[in-house]
Amino acid sequence: MLTLKFIQDNKADVIKRLKTKRFDAASIIDTIISLDDNRKQTQAQAETLEAEMNTLSKEIGLLFKAGKTDEVSASKAKTVELKERIKDLNTQLEDINRQLTAQLVLIPNVPHSTVPEGKGADDNVLVREGGVMPTLTNDLPHWDLIKKYDLIDFELGTKITGAGFPVYKGKGARLQRALINFFLDEANNAGYNEVLPPLLVNEESGFGTGQLPDKEGQMYHATADNLYLIPTAEVPVTNLYRDVILKGSELPVRNCAYSACFRREAGSWGADVRGLNRLHQFDKVEIVQVAHPDQSYAILDTMVAHVQSLIEKLELPWRILRLCGGDMSFTSALTFDFEVYSAAQKRWLEVSSVSNFETYQANRLKLRFKDDGDKKTQLAHTLNGSALALPRIVAAILENNQTAEGIRIPKVLVPYTGFDIIN
RNA sequence: GGAGGGAUGGGUGAGUGGCUGAAACCAGUAGUUUGCUAAACUGCCGUACGGGUGACUGUACCGGGGGUUCGAAUCCCCCUCCCUCCGCCA
């Protein structure tokens with residue numbers, strides 16, 4: 001969430017910039033500011049009385065020591081009323097603070113100045129593109145290729161779990177493992193530190209990265225233990241730094257992680273979700289950084305460059321889009337989406353989303369840093385990106401590389417798969 | 001799952017009702033000394049929210065939440081986590 005101070009200092013600007021995200025913040029901000037005034041006033045009152053109480057208690061202690069027990073009862077009587085008023089004020093304070101956070105979490109992150117206006121996907125702006133469009137003589141969509149070469153079994157997944165939980169088999173399973181290892185090796189080589197996080201997280205973690213409370217319905221919830229299956233490794237990996245104060249010299253922190261990802265995708269099933277296009281469980285390698293505010297946008301560029309290099313090595317046609325305000329996520333300040341062209345489906349598939357959240361997550365996480373010699377802590381910036389999500393990459397590899405002899409494996413993957421063709 | 005023991009500042013660890021936001025040591029940091037390094041010595045060294053231009057100052061926080069008391073790190077209750085033993089188990 002945004003910090004109160006930021007909202008107060010930049011009220012007009014916040015309202016203006018949130019219009020890019022098609023969000024009207026004016027009345028919420030007014031509520032917040034008046035709640036905060038109220039908070040300060042109530043807190044000041046409570047603290048004055050608490051100070052009085054502390055002095056009185058010390059006096060009583062001294063009276064006891066001096067043996068003046070007769071004077072004690074008069075002082076004690078005074079504390080009774082004080083205590084009541086303090087309790088009352090603190091109850092009010094708690095209530096005000098609750099209302100304040102309730103309002104604060106309703107406001108999305110403020111978009112970066114370079115975010116284009118727009119309603120949805122059609123208004124995203126092409127940043128650059130590359131790769132060679134394949135010319136296919138056969139053009140089976142990946143769901144047919146999967147059947148033809150017995151790589152992935154959706155029916156079997158439906159039997160043991162449900163729709164959207166595929167079973168990878170034989171060369172299909174090995175291709176999956178190859179991609180995971182390839183992506184992790186590339187991230188390690190680029191200086192990211194590998195972690196293997198838990199796949200279930202608690203409520204605090206869900207709140208820290210912004211999945212809770214807003215997107216509760218998107219996550220699988222293990223209610224008996226109140227744990228959530230992660231929709232992305234971003235959640236556990238970013239939460240590694242929840243309630244942490246880093247030294248300025250430790251920044252940037254660079255982590256990468258492979259994880260299975262679980263998404264309920266409630267209400268988003270319809271056309272265009274055949275095969276691997278949308279799943280409830282899929283594999284992904286994620287890169288996550290914690291950065292100094294002065295460096296975060298330069299770092300965002302290096303993350304974009306890293307993802308681009310992966311797709312180029314896989315020899316897929318790609319393009320990068322700068323998301324418009326209407327298509328961006330609630331928590332992001334600037335997002336670049338990567339898409340690869342799926343030649344048989346004849347459509348672009350999103351395979352990565354790289355974002356700078358600035359202090360939005362850090363504020364929820366209480367993720368701060370302190371520069372050497374500085375007295376004050378400040379909120380760090382968090383960033384993350386898929387590098388990469390597997391299913392649609394697999395779909396594009398299968399479709400784009402199909403030949404009469406079989407499916408050609410990109411050169412860079414052959415050392416990982418141990419085979420260069422699926423036939 | 002059963003029985004017992006624990007949780008204090010970056011670390012080790014004192015502290016069983018007021019003089020403790022918290023000893024001491026280590027680490028860190030600034031300085032003095034010193035041919036350099038090391039050592040020694042001295043100062044500083046938690047977080048958040050208020051008030052003040054500022055020096056400074058108020059309040060809260062000793063795993064989390066409640067309670068007792070004029071007053072709680074210290075006493076009581078609940079929860080979480082860690083350790084030991086037993087049971088179960090990939």
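The values are calculated or read from the model by the stated rules, or taken from the named source; none is laboratory data. In this text, all values refer to a predicted model and were calculated from it rather than measured experimentally. Every residue, glycine among them, receives a Cβ derived from its backbone with ideal geometry; neighbour counts consider all protein chains shown. Surface areas here come from the heavy atoms of the whole protein model, side chains and all, with no ligands, DNA or RNA. Shrake-Rupley method; radii C 1.70, N 1.55, O 1.52, S 1.80 Å.
Using a cutoff of 8 angstrom between alpha carbon atoms and counting only pairs six or more residues apart, the relative contact order for chain A works out to 20 percent. Where does helix A:390-400 land angle-wise versus the long Cα axis of chain A, in degrees 0 to 90, nearest 10? The angle comes out at about 20 degrees. Using a Gaussian network model of chain A in which every pair of alpha carbons under 10 angstrom is joined by a spring, one finds that among A:Ser355, A:Ser205, A:Ser34 the greatest mean-square fluctuation is at A:Ser34. Taken over the C-alpha atoms, the range A:82-221 has Rg and Dmax values of 24.7, 86 angstrom.
The chymotrypsin sites (Phe, Trp or Tyr not before Pro) of the range A:146-176 include none that DSSP puts in a loop with a beta carbon having at most 11 other beta carbons within 10 Å.
Run through the DSSP bridge list for the range A:121-422 and note the antiparallel percent, rounded to the nearest 5.
Numbers: 50 of 56 bridges.
Roughly 90 percent of the beta bridges in the range A:121-422 run antiparallel, per DSSP.
Over the range A:238-323, what number does the Rg to Rh ratio reach, with both radii from the alpha-carbon atoms and Rh per Kirkwood? Could you put the intermediate results ahead of the total?
Values: Rg = 16.7 Å, Rh = 16.1 Å.
Checking Rg against Rh, the ratio lands at 1.04.
Over the alpha-carbon set of the range A:4-104, divide Rg by the Kirkwood Rh and report the Rg/Rh ratio to two decimals. Display every interim value, and only then the final one.
Working: Rg = 21.3 Å, Rh = 16.5 Å.
Rg divided by Rh gives 1.29.
Kirkwood hydrodynamic radius, the range A:39-152, all distinct C-alpha pairs: what's the number in Å?
Values: mean 1/r = 0.0454 Å⁻¹.
Radius from the Kirkwood sum: 22.0 Å.
Only loop residues by DSSP count here, and only those with at most 14 other Cβ atoms within 10 Å; note down the trypsin sites (Lys or Arg not before Pro) in the range A:93-184 that meet that.
Values: sites: A:Arg98, A:Lys119, A:Arg128, A:Lys147, A:Lys148, A:Lys159, A:Lys169, A:Lys171, A:Arg174, A:Arg177; in loops: A:Lys119, A:Lys169.
Sites meeting the loop and neighbour criteria: A:Lys119.
May I ask you to give the solvent-accessible area per residue for the range A:4-104, in square angstrom, as obtained with a 1.4 angstrom probe? If you can, show how the numbers build up before the last one.
Values: 6660 Å² over 101 residues.
For the range A:4-104, the per-residue accessible area is 66 Å².
If the Kirkwood radius is taken over C-alpha pairs of chain A, then at 4 °C and 1.567 mPa s the Stokes-Einstein diffusion coefficient equals 53 µm²/s.
Structure shown: which of A:Lys119/A:Lys215; A:Lys83/A:Lys370; A:Lys284/A:Lys376; A:Lys119/A:Lys159; A:Lys171/A:Lys313 lie over 31 Å apart, alpha-carbon to alpha-carbon? Pairs exceeding 31 Å: A:Lys83/A:Lys370; A:Lys284/A:Lys376; A:Lys119/A:Lys159. Within the straight-line cut-off of under 23 Å between alpha carbons, the lysines reachable from A:Lys76 are A:Lys58, A:Lys65, A:Lys68, A:Lys87, sequence neighbours fewer than 8 places apart in one chain being disregarded.
What's the carbon and sulfur percent of chain A's accessible surface, probe 1.4 angstrom, rounded to a whole number?
On the way: 10120 of 20210 Å².
It is 50 percent, rounded to a whole number.
In angstrom, the C-alpha Rg and Dmax of the range A:166-325 are 17.0, 49.
Against chain A, whose longest principal axis comes from its Cα atoms, helix A:170-189 is set at around 50 degrees. Expressed as a fraction of 2.2 N^0.38 Å, the C-alpha radius of gyration for the range A:303-411 is 1.41. Relative to the first principal axis of the alpha-carbon coordinates of chain A, what is the inclination of helix A:26-66, with its axis defined by its Cα atoms, in degrees from 0 to 90 and to the nearest 10? Result, in degrees: 40. Each of A:Val307, A:Val115, A:Gly326 was scored by the projection of its Cα onto the charge dipole of chain A, and the greatest displacement toward the positive side belongs to A:Val307; charges sit on the C-beta of Lys, Arg, Asp and Glu.
Trypsin sites (Lys or Arg not before Pro) within the range A:325-423: which are DSSP loop residues with at most 16 other Cβ atoms inside 10 Å? Kindly include the intermediate steps, with their values, before the conclusion.
Numbers: sites: A:Lys346, A:Arg347, A:Arg364, A:Lys366, A:Arg368, A:Lys370, A:Lys375, A:Lys376, A:Arg392, A:Arg408, A:Lys411; in loops: A:Lys346, A:Lys366, A:Lys375, A:Lys376.
Answer in residue order: A:Lys346, A:Lys366, A:Lys375, A:Lys376.
I'd like the projected area of the range A:55-113, averaged over all directions, using the convex hull of its alpha carbons. Report it in nm² with one decimal. Seen from a random direction, the Cα hull of the range A:55-113 projects 6.6 nm² on average.
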